[in-house]
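Here the structure is laid out as structure tokens; the discussion comes afterwards.
The values are calculated or read from the model by the stated rules, or taken from the named source; none is laboratory data. Small disclaimer: the values here were computed from a predicted structure and weren't measured. Note: ideal-geometry Cβ built from the backbone for every residue, glycine included; neighbour counts use all protein chains shown. These accessible areas exclude ligands, DNA and RNA; they are computed on the full protein's heavy atoms, side chains included. Shrake-Rupley method; radii C 1.70, N 1.55, O 1.52, S 1.80 Å.
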Amino acid sequence: MLKVGITGGIGSGKTTVCKIFESLNIPIYYADDRAKSLMVNDMKLVKDIKQLLGENAYLKNGSLNREYISAIVFSDKTMLEKLNQLVHPAVRLDGENWFKSQVNKPYALKEAALHFESGGYQLMDKMITVFASEAIRIERVMKRDKTTAEAVKARIDKQLPDSEKIRLADFVIYNDGTQSLIKQVVKVHQVLVDLSR
Ligand code: ATP
């Protein structure tokens, strides 16, 4: 079974595209959601995070103290890097186990915003990048998250440029209104099914 990564900048439409793959019966691993769950349920990771950020990283009920963690990592870039160095390997391991558990499928998808930035893409057989222009993405995320253009732009600036994400991808899906999304997904799906034979 092929391991396929899917990525794209914030608001490019990764989740939207994944829903179409799901409708084709392809299993999806949502790395960002899974990371949040592992940060609470993976006891080794919990211990490492407490060691890095202190006991206050968790609330009394065991859930993440998001405000506390955000305050630290947004003001100290090295802390963010250190936290990522703990979380990314845990997600990678969990993702690999998940791929192994997918049977009787031609391929499975792992969706992650930072596939290229984290280096996780190196474990994938193929990579898909979802593309939409920065202007479109800012507009979509402002609407979705009820936030400002500046806040979205600040998040975009922390990610790898689109040109690099396109250069490193095997497939690019354009979610900018220029082409039918469904037709593009079906085309990539057919190529991946053929490759897996
Ligand atoms: P993030 O990186 O923030 O998780 P994402 O890449 O997963 O974002 P989506 O959540 O799929 O992106 O899309 C961002 C927003 O844009 C959503 O509100 C979604 O409904 C909307 N959207 C996505 N694609 C389109 C489209 N082709 N036309 C109109 N709206 C769209």
* Say we look at the stretch 94-114 and pick out the residues that are within 28 Å of GLN179 (Cα to Cα) and under 15 Å from the mean Cα position of the chain (by Cα); which of these is most open to solvent (accessible area, probe 1.4 Å)? -> LEU114
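The rows are residues; the columns are (1) over 15 Å from the mean Cα position of the chain (by Cα); (2) loosely packed, with under 15 Cβ neighbours inside 10 Å.
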residue: GLU22; (1), (2): yes, yes
residue: ASP32; (1), (2): no, yes
residue: VAL46; (1), (2): yes, no
residue: ASN56; (1), (2): yes, yes
residue: THR78; (1), (2): yes, yes
residue: LEU83; (1), (2): yes, no
residue: VAL87; (1), (2): no, no
residue: ARG92; (1), (2): no, no
* To do: Just give me the residues in the stretch 1-20 being of a type outside the set (A, V, I, L, M), surrounded by fewer than 18 Cβ atoms within 10 Å (Cβ to Cβ) and more than 14 Å from the ligand (Cβ to nearest atom), in sequence order.
  => none
* To do: Just need a number here: residues in the stretch 67-106 that are assigned to a helix (DSSP H, G or I) and farther than 30 Å from ILE26 by Cα.
  => 16
* **Residue that is farthest from GLU81 (Cα to Cα) [pool: residues in the stretch 160-177 that are more than 10 Å from the ligand (Cβ to nearest atom) and open to solvent by 60 Å² or more (accessible area, probe 1.4 Å)]** => ASP170
* **Residue count, the stretch 134-148 (criterion: closer than 23 Å to GLU164 by Cβ and either more than 12 Å from the ligand (Cβ to nearest atom) or modelled with pLDDT under 95 (or both))** => 2
* Looking only at the stretch 144-159, which residues are within 24 Å of ILE128 (Cα to Cα), in a loop (DSSP other than H, G, I, E, B) and open to solvent by 50 Å² or more (accessible area, probe 1.4 Å)? -> LYS158
* Residue satisfying condition, being under 30 Å from ALA149 (Cα atoms), out of contact with any Cys (no Cβ under 7 Å at 6 or more places or on another chain) and within 16 Å of the ligand (Cβ to nearest atom), within set ALA112, ALA57 -> ALA112
* Asked: Out of (1) within 10 Å of the ligand (Cβ to nearest atom); (2) modelled with pLDDT of 95 or more; (3) assigned to a helix (DSSP H, G or I), the odd one out for VAL130 is which?
  -> (3)
* Asked: If you check LYS165, LYS187, LYS183, which single one turns out to be in contact with a helix residue (DSSP H, G or I) (Cβ under 7 Å, 6 or more places away or on another chain), assigned to a helix (DSSP H, G or I) and not aliphatic (A, V, I, L, M)?
  -> LYS165
* Regarding GLU117, is this residue out of contact with any Phe, Trp or Tyr (no Cβ under 8 Å at 6 or more places or on another chain), surrounded by fewer than 18 Cβ atoms within 10 Å (Cβ to Cβ) and at pLDDT below 95? -> yes
* Asked: Just wondering, is there one or more residues in the stretch 108-122 that are of a type in the set (Ser, Thr, Tyr) and part of a helix (DSSP H, G or I)?
  -> yes
* Asked: Quick one: is LEU181 touching a residue at least 60 places away in the same chain (Cβ under 8 Å), within 13 Å of the ligand (Cβ to nearest atom) and within 20 Å of the chain's Cα centre (by Cα)?
  -> yes
